[in-house]
Structures are given as C-alpha cells and as structure tokens.
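Rule-based calculations on the coordinates, nothing more; no lab input. If you're wondering where the values come from, they're calculated on a predicted model, not measured in any experiment. Cβ sites come from the backbone with ideal geometry, for glycine too, and all protein chains shown count toward neighbours.
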Amino acid sequence: MTKYSQFPSDEELETLLEEEPVYSVYWDSESLGAGADLEQVYRWGDKYIVCLSSDENTTVYPSLLEAIESNDLFNVGDATKEIDSSELSSDEIASHLRAIGENHYKILINSEHWQFCKTGKFSRI
C-alpha cells in the first residue's frame, strides 16, 4: 500500500469534501443506535482520498482500486445498501465485491439492482 506524505491543506480538503465522491458506500443497520452513514472516496488530482465515517483520519492513495481495497470498501454485509461510482461501472464494482456471510444480499450498484448468488458472485437482477 502506497501512502503519500503530501496531503491537502485544511482549506483544500474542505473544498474537496463539498464535491461529489468518485466512490461511495451507503450503509444502514436499520436498528436503533447503530445508525447509517457513508464511506467515501474523493479524487484529488491524480490521487484518491478516503473519508470513513468511523475515522477522522484520511489517507491518500495512488489509485481508486487501492483506496477501495485498502479500506475494505468492496465488502458487502447486511447493512450495505448502495454503492455508487462515477469512475467504475456497475460490472467493474460487482466483479470486486465480497459478501460477508452467506446471505443473498440485494444492493444497488450505480442505481442498478444486484444480488449475491449461490455462485459466490453478484448478478444484476
């Protein structure tokens, strides 16, 4: 994993976070107390910055795939509801997804309905 020492200034980061992320995962536990949130990846020049709901620290990565993989944002569980990306197609995202558990998860990928199947892969429904 390549991390960069160069990091945006507070002002640059604030401006960046006002833009649309290039990859986001929306999750909702649908239970009281645990809540819902977004995990997001932003493009910063030719690098990518990950902003996790559970961590105030952000990290800079050289590629979108490395940013997603390094933060387990291809993992899908009961709470995962939707994944969106302006840089990856639905098929590209689905080919990388890993289901946690044996459930037949249904999620939206780039506004398309997908389901985890017995084959161990996600298929468009």
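Assorted remarks:
- Using the Cβ of residue 109 as centre and a radius below 10 Å, the other residues enclosed give a net charge of -4, where K and R count +1 and D and E count -1.
- Whole-percent P(r), the chain, all Cα pairs, 5 Å bins from 0: 2, 11, 21, 22, 18, 13, 8, 3, 1, 0.
- Take every DSSP beta bridge whose two residues both sit in the chain; close to 85 percent of them are antiparallel.
- Put a plus charge on the Cβ of each Lys and Arg, a minus charge on the Cβ of each Asp and Glu, and nothing anywhere else: the dipole of the range 10-124 about its Cα centre is then about 860 debye.
- Unit charges at the beta carbon, dipole of the chain: most positive-side option, 49, 68, 13: 68
- The chain, relative contact order [Cα under 8 Å, separation at least 6], %: 20
- Taken along the Cα-to-beta-carbon direction at a fixed 7 Å, the label points for residue 124 and residue 108 span 1.7 nm.
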